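Participant: Here it is, the structure, as structure tokens.
Values in this text are rule-based calculations from the coordinates and carry no lab data. Everything numeric in this text was worked out from a predicted model, so none of it was measured. FYI the Cβ positions are ideal-geometry reconstructions off the backbone, even for glycines, and counts take in every protein chain you see.
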Amino acid sequence: MYTEILKKTQLFSGVDNDEISAMLNCLQAETVDYKNGDYVFREGDFINQITVLVKGKLLVQRDDFWGNRSIVNVINSGEMFGEAYVAPGSGAMLNDVIAIEDSTIIAFDINRILTVCPSACKFHTDIIKNLLFTIAEKNRKLVQKIGHMSKRSTRAKLLSYLSDEAKKQNCSHFYIPFNRQQLADFLCVDRSAMSNELCKMRDEGLIKFNRNEFTL
């Protein structure tokens, strides 16, 4: 059912439709549906699965002892998550993963991916290679976020993030995947202070915006 979506993901790059269908069967992939607001994983969970989102949107978030929330990442359809916690001794989940739309995931047991089956399916080699490349790309995105976070002021963080989004979408007019509170949580800034800074930047002619639509 989700073959076409999986084919477009990094994890299944170079794998044709017939191979994907065979792989889902060989790896005993599990499909799970979640409603908006459901938790996919909670902080403290132990997992042994690599998961691909094939429908909807998820947030990776963390609350501190006092209830202050920060957004670590947003997961869109076609993206993988959970790979950081499947290695032996990697420990429990440090974040919550929550659906912010009705969502569907496909989960793969990491041991079945890394252990070549008796039939020596060609796709095992492809998937392991793609897994390495996908993890490398996610590390690059993490470095990008650290770059935003390293800026000293709320304005500098906003400009760094918005500039990267414009470059990524190759257009000065673009949409971001966050509402105001989510953007503040992602950049770890106060929402009111961030909203005031956005208005100042708009008044100075640096940006235009309407909800999650921006023009630099």
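Participant: Calculated from DSSP H runs of 4 or more alone, at -39500 (n - 2.57) each and per residue, what is the 222 nm mean residue ellipticity of the chain, nearest 500?
Facilitator: -12500 deg cm²/dmol
Participant: Just how far, in whole angstrom, is the range 1-38 from the range 131-182 if you go by their alpha carbon centroids?
Facilitator: Measuring centre to centre over Cα atoms gives 27 Å.
Participant: Assuming R0 = 25 Å, can you tell me the calculated FRET efficiency for the pair S150 and Y175, based on Cβ-Cβ distance, to the nearest 0.05?
Facilitator: Here the calculated transfer efficiency is 0.50.
Participant: Just going by the charge dipole of the chain, with Lys and Arg at +1 and Asp and Glu at -1 on Cβ, which of Y39, H148, G205 is farthest out on the positive end?
Facilitator: Working it through, the farthest residue towards the positive pole turns out to be G205.
Participant: Using a/c under 1.5 as the rounded threshold, could you call the range 151-215 rounded, prolate or oblate? The axes a ≥ b ≥ c are square roots of the C-alpha gyration tensor eigenvalues, and prolate needs a/b larger than b/c, oblate otherwise.
Facilitator: It is rounded, given that a/c, with a ≥ b ≥ c, falls under 1.5.
Participant: For the chain, what's the relative contact order in percent, using C-alpha pairs closer than 8 Å and at least 6 residues apart?
Facilitator: 21 percent
Participant: Among 74-82, 6-14, how do they line up by average Cβ neighbours within 10 Å per residue, starting with the highest?
Facilitator: 74-82, 6-14
Participant: Residue by residue through the range 205-215, what is 3J(HN,Hα) from phi via Karplus (6.51 cos²θ - 1.76 cosθ + 1.60, θ = phi - 60°)? Round to whole Hz and write x for glycine and proline.
Facilitator: x, 6, 9, 10, 7, 8, 6, 9, 9, 10, 9
Participant: Please report the orientation-averaged projected area of the chain, defined via the convex hull of its C-alpha atoms, in nm².
Facilitator: Computing the convex hull of the Cα atoms and averaging its projections yields 13.1 nm².
Participant: If you don't mind, another one. Roughly what angle does helix 154-169 make with the longest principal axis of the chain, taking Cα atoms, 0 to 90 degrees, to the nearest 10?
Facilitator: So the inclination is approximately 50 degrees.
Participant: Next question, about the same structure. Simple spin-label model, 7 Å along Cα-to-Cβ: M1 to A22 in nm?
Facilitator: Taking the simple label geometry, M1 and A22 are separated by 2.4 nm.
Participant: Here's another thing I want to ask about it. Determine which residues of the range 134-148 fall in the zone a paramagnetic label at S163 would reach in this model, i.e. backbone nitrogen under 11 Å from the point 7 Å along Cα→Cβ.
Facilitator: 148
Participant: Collect residues whose amide H, placed 1.01 Å from N in the peptide plane, falls under 5 Å from the amide H of D45; neighbours closer than 5 in sequence don't count.
Facilitator: Long-range HN contacts for D45: M93.
Participant: Mind listing the long-range amide H neighbours of D102? Cut-off is under 5 Å, sequence gap 5 or more, other chains count too, H placed in the peptide plane at 1.01 Å from N.
Facilitator: Counting only residues 5 or more places away or on other chains, the set is N36.
Participant: I need the calculated FRET efficiency for the pair I135 and E204, taking r as the beta carbon distance and R₀ as 30 Å, to the nearest 0.05.
Facilitator: 0.15
Participant: Under unit Cβ charges (Lys, Arg +1; Asp, Glu -1), what dipole magnitude, rounded to 20 debye, does the chain have relative to its Cα centre?
Facilitator: My answer is approximately 900 debye.
Participant: OK, next. With θ set to phi - 60°, apply the Karplus curve 6.51 cos²θ - 1.76 cosθ + 1.60 along the range 12-28 and write out the HN-Hα couplings as whole Hz, x wherever there is a Gly or Pro.
Facilitator: So the J values, rounded to whole Hz, are 10, 4, x, 9, 7, 4, 5, 5, 4, 4, 5, 5, 4, 6, 5, 8, 6.
Participant: Quick one: net charge of E101's neighbours, Cβ under 11 Å, K/R +1, D/E -1?
Facilitator: +1
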